[in-house]
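So the structure is just underneath, and the comments pick up after that.
The values are calculated or read from the model by the stated rules, or taken from the named source; none is laboratory data. Every value quoted in this text rests on a predicted model; they were computed, and no experiment measured them. With ideal geometry, Cβ positions are generated from the backbone for all residues, glycine too; neighbour counts draw on all protein chains shown. Accessible surface areas use protein heavy atoms only, side chains included; no ligands, DNA or RNA. Shrake-Rupley method; radii C 1.70, N 1.55, O 1.52, S 1.80 Å.
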Amino acid sequence: EDLGGDVLFSEISAKEKIGLDELIDNILIQAEIQDLKANSDRFAQGAVVEAKLEKGLGTVATTLIQKGTLRVGDTFFCGITSGKVKALISTDGKTRMKEAGPSTPVRVVGFDGIPSAGDILVVCEDEQMARDLAMNRARITREKDAATYQAGLMQSVAATFADGKFKEKREMCVVVKADVQGSAEALTHSLRDLKLENDEAIVTIKVLVSEAGEVTKSDVAIASVTTDTTIIAFNCAANFAATEDARKLGIPIEYYNIVYDAIESVECRMQEVLSPTPKGEYIGAVIVQEVFNIGGTGNIAGSKCTDGYMKKGSNVRIMRGDKILAESKVRTLRSFKSEVDRIDAGDECGVGLIDFEEFLPGDVIESYIE
């Protein structure tokens with residue numbers, strides 16, 4: 001409207017709490033002008049904002065009623081779940097309600113499972129109808145997931161044999177638990193999109209479990225089926241029994257409250273899966289300071305030993321930042337013009353590797369011996 005149009009404009013900031021009252025006033029004005037009214041005298045329909053498990057209540061879904069009136073005792077279906085309203089609780093968690101009309105946010109208790117954020121809750125006539133509709137939706141969802149899996153499998157096979165060269169397919173398994181279902185879905189979607197590859201292998205993420213609620217013994221049992229599986233707990237805790245089982249089985253439980261931190265941690269683990277730590281015990285590292293081209297010998301990394309020691313013939317891993325470039329072995333180790341078997345911390349040296357010469361200043365060469 002400020003520019004001559006018919007669309008209202010409100011400058012807001014939820015973080016700074018600026019313009020929120022003005023936004024609400026504009027919405028109410030538009031609703032009054034356009035005579036926007038919902039029918040409250042019909043079966044209720046609402047959208048799930050978030051859902052989670054709460055002790056003593058079971059599944060609790062915060063729902064915004066869009067049409068009709070939702071009452072305690074109503075039978076409903078929502079996505080692939082169904083149920084009967086056992087309680088309606090205000091969003092502050094203090095007041096029990098008998099009914100909720102249009103535009104009312106309310107916490108609904110009575111689901112037989114955990115709905116997804118965005119699922120539409122619809123009240124129906126009887127419990128059998130609600131259960132049948134939920135079961136049919138679950139079947140359709142399984143069929144879609146199967147079709148998606150088959151399409152992904154074909155793409156994976158095509159990528160594995162890209163350019164006529166076979167690439168090994170490696171999977172990193174994770175279990176995702178979160179405080180609410182929406183967070184679990186968002187994190188799972190981000191993790192499934194991750195992929196790392198080099199000339200020899202492709203690493204992807206396989207999410208074994210994605211649910212709301214605390215980490216339980218069953219989650220640890222599922223994680224123990226596959227090797228090197230990580231349990232990610234996002235804004236939730238693990239119960240004592242699960243913590244003890246994870247400790248005994250050596251399964252890591254990582255706690256996060258920021259999505260990007262969880263994704264970054266998983267990417268680091270994927271890098272390790274793509275280029276595993278060389279065999280043996282870590283003994284030291286050198287940092288490349290300058291690269292020399294020696295005719296007939298190839299590139300030699302003029303380096304300085306910064307930690308431990310470097311030994312001729314040891315297994316090495318070349319790092320550039322947080323990226324693993326390659327694995328190799330020390331072919332030649334020189335101190336000034338002399339060939340030596342070992343270089344200690346603080347000394348400078350020339351390092352030549354087997355089948356790797358693409359050094360850059362700043363690269364780190366880690367050394368391992370068996």
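Odds and ends about this structure:
- The set of residues in the range 188-213 being surrounded by fewer than 16 Cβ atoms within 10 Å (Cβ to Cβ), out of contact with any Asp or Glu (no Cβ under 6 Å at 6 or more places or on another chain), part of a strand (DSSP E or B) and not hydrophobic (A, V, I, L, M, F, W, C) consists of 195 alone.
- Across the range 294-341, the qualifying residues are those that are assigned to a strand (DSSP E or B) and polar (S, T, N, Q), and the one among them that is surrounded by the most Cβ atoms within 10 Å (Cβ to Cβ) is 303.
- Of everything in the range 210-228 that is of a type in the set (A, V, I, L, M) and modelled with pLDDT of 90 or more, the residue that is farthest from residue 169 (Cα to Cα) is 215.
- Any hit, the range 257-272, residues being open to solvent by less than 60 Å² (accessible area, probe 1.4 Å), under 21 Å from residue 116 (Cα atoms) and not in a helix (DSSP H, G or I): no
- When 296, 302 are screened for being more than 33 Å from the chain's Cα centre (by Cα), free of Cβ contacts under 8 Å to residues at least 24 places away in the same chain and farther than 30 Å from residue 203 by Cβ, only 296 passes.
- Residue that is farthest from residue 170 (Cα to Cα), among those in the range 244-256 that are touching a residue at least 12 places away in the same chain (Cβ under 8 Å) and open to solvent by 60 Å² or more (accessible area, probe 1.4 Å): 255
- Any chance residue 109 is over 32 Å from the mean Cα position of the chain (by Cα) and open to solvent by less than 20 Å² (accessible area, probe 1.4 Å): no
- Selection of the range 135-145 for residues being open to solvent by less than 80 Å² (accessible area, probe 1.4 Å) and more than 27 Å from the chain's Cα centre (by Cα) yields only 136.
- Check on residue 87, of a type outside the set (Val, Ile, Thr) and more than 24 Å from residue 233 (Cβ to Cβ): yes
- All positions within the range 54-76 that are out of contact with any strand residue (DSSP E or B) (no Cβ under 6 Å at 6 or more places or on another chain) and within 18 Å of residue 182 (Cα to Cα): 58
- Matching residues, the range 1-49, being under 30 Å from residue 76 (Cα atoms) and assigned to a loop (DSSP other than H, G, I, E, B): 35, 36, 37, 38, 39, 40, 41, 42, 43, 44
- Exclusive hit being surrounded by 10 or more Cβ atoms within 10 Å (Cβ to Cβ) and more than 30 Å from residue 71 (Cα to Cα), set 16, 22, 11: 22
- All positions within the range 125-134 that are without any contact (Cβ under 8 Å) to a residue 12 or more places away in the chain and open to solvent by 90 Å² or more (accessible area, probe 1.4 Å): 128
- Any hit, the range 60-75, residues being at pLDDT below 85, open to solvent by 50 Å² or more (accessible area, probe 1.4 Å) and of a type outside the set (S, T, N, Q): no
- Matching residues, the range 214-231, being farther than 17 Å from residue 262 by Cβ and buried (at least 18 other Cβ atoms within 10 Å of the Cβ): 220
- Checking each residue in the range 186-240 for being among the charged types (D, E, K, R) and within 23 Å of residue 118 (Cα to Cα) picks out 192, 193, 211, 214.
- Search result, residues across the range 277-293 that are in a loop (DSSP other than H, G, I, E, B) and either among the hydroxyl-bearing types (Ser, Thr, Tyr) or open to solvent by 60 Å² or more (accessible area, probe 1.4 Å) (or both): 277, 279
- Taking the numbered list (1) surrounded by 19 or more Cβ atoms within 10 Å (Cβ to Cβ); (2) at pLDDT 90 or above in turn, residue 114 passes all entries but (2).
- Filtered by the rule that a residue be hydrophobic (A, V, I, L, M, F, W, C) and touching an Asp or Glu at 6+ places or on another chain (Cβ under 9 Å), the range 107-123 gives 109, 114, 117, 123.
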